[in-house]
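What follows is a single structure, written as structure tokens, with notes after it.
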Amino acid sequence: MKLATLFPDEDYCFHLRLERGTVRGFFEAGEGASERIAERRRWLSAVPGRHAALLPEATPMLDELVDLCGEVNAFDAEGLAEVRRGGSPLGRCLELGSRWEPDFLLLKAESEGGFRLRGGCVCFPSSWSLIPKMGQSVSGIHEVVPGLNPALGSRIDRFLRRLNPDCSWERYNWGLSRSAELNQDPSRKLPRLDSGVGLDEIWLRAEHQAFVTLPRSGGVLFAIRMIVRSLQEIRCEPQIAVPLARALRTMPEAVAEYKGFGGARPRILDLMKT
């Protein structure tokens, strides 16, 4: 899936729109990987309790994930050995998060049919925090998104339960921000979009997401790679800019407010015309 396919030429709606990929392909080092990993290490060293957490029942999923990293050569053998020597389960989680480029969440299947967040390492969130979400169901986490659960809630649970092993299912999600910072945890109080924003202050944040089953532990890995692009550049790429403008125009007001650009939307659309 390419970034140009992120915005289909249609009115805004919630969708799952997934493409099949390979686990190795998603987790191989991308452009700028060393810089991103260095930034991950800085955040995990400065405020580890804000960016990583692991409930006891997630330990088997973490161990299976570490084995998976070894199978797909996610990083070198020395790095893998360091992760395995990380001490406590949370220590191994932190060590993995400091060596691996994507953010990751560990979801555990529940007897009632849904999935619940049991652990993960998230250094580059888009205006949300990991710790308050720990232990919540996927539907509970999505409850704050206006209209998402009625539109997709049951489909998401069915999809997670039917994941095939040995592949990744990938999709994109997107938002807009007034900052190019990768880490947009709310505690950082970064500048927000408003009606006075300039074109050079608007950034597209695209999450390249992957879902991978962890069959041995009965879990699912949800991994996220962040892509940040200036709207000033995107405006010159009609294959992205035109459907993006359509999505912005047709997005329900409640969703635009949730995404943080409700009051700035007319201004953004006007800037995209010039």
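Coordinate-derived values only; no laboratory data. Small disclaimer: the values here were computed from a predicted structure and weren't measured. Cβ coordinates were reconstructed from backbone atoms using ideal geometry, including for glycine residues, and neighbour counts include every protein chain displayed.
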Problem set entry | Test result for R205, more than 24 Å from S137 (Cβ to Cβ) and among the charged types (D, E, K, R) | yes
Problem set entry | segment 102-123, residues that are on the phi > 0 side of the Ramachandran plot and not in a strand (DSSP E or B) | G113
Problem set entry | Residue, nearest to L107 (Cα to Cα), within segment 143-170, restricted to residues that are surrounded by 17 or more Cβ atoms within 10 Å (Cβ to Cβ) and in contact with a Leu (Cβ under 9 Å, 6 or more places away or on another chain) | L160
For this session: Quick one: in segment 171-194, of everything that is among the aliphatic types (A, V, I, L, M) and either surrounded by fewer than 16 Cβ atoms within 10 Å (Cβ to Cβ) or touching a His at 6+ places or on another chain (Cβ under 6 Å) (or both), which residue is nearest to Q209 (Cα to Cα)?
Result: A180
Exercise. Which of the residues that make up segment 1-60 are in contact with a His (Cβ under 9 Å, 6 or more places away or on another chain) and either surrounded by 15 or more Cβ atoms within 10 Å (Cβ to Cβ) or assigned to a strand (DSSP E or B) (or both)?
Worked result: M1, L3, F26, R40, W43, L44
Exercise. What tally of residues in segment 175-208 results from selecting those that are touching a residue at least 24 places away in the same chain (Cβ under 8 Å) and assigned to a loop (DSSP other than H, G, I, E, B)?
Worked result: 14
Seminar exercise, completed: Checked pairs for segment 37-57, first within 13 Å of D103 (Cβ to Cβ) and in contact (Cβ under 8 Å) with a residue 12 or more places away in the chain, second crowded, with 21+ Cβ neighbours inside 10 Å and among the polar types (S, T, N, Q), C-beta under 8 Å and 6 or more apart or across chains, list as I37/S98; E39/N183; R40/S98; W43/N183; L44/S98
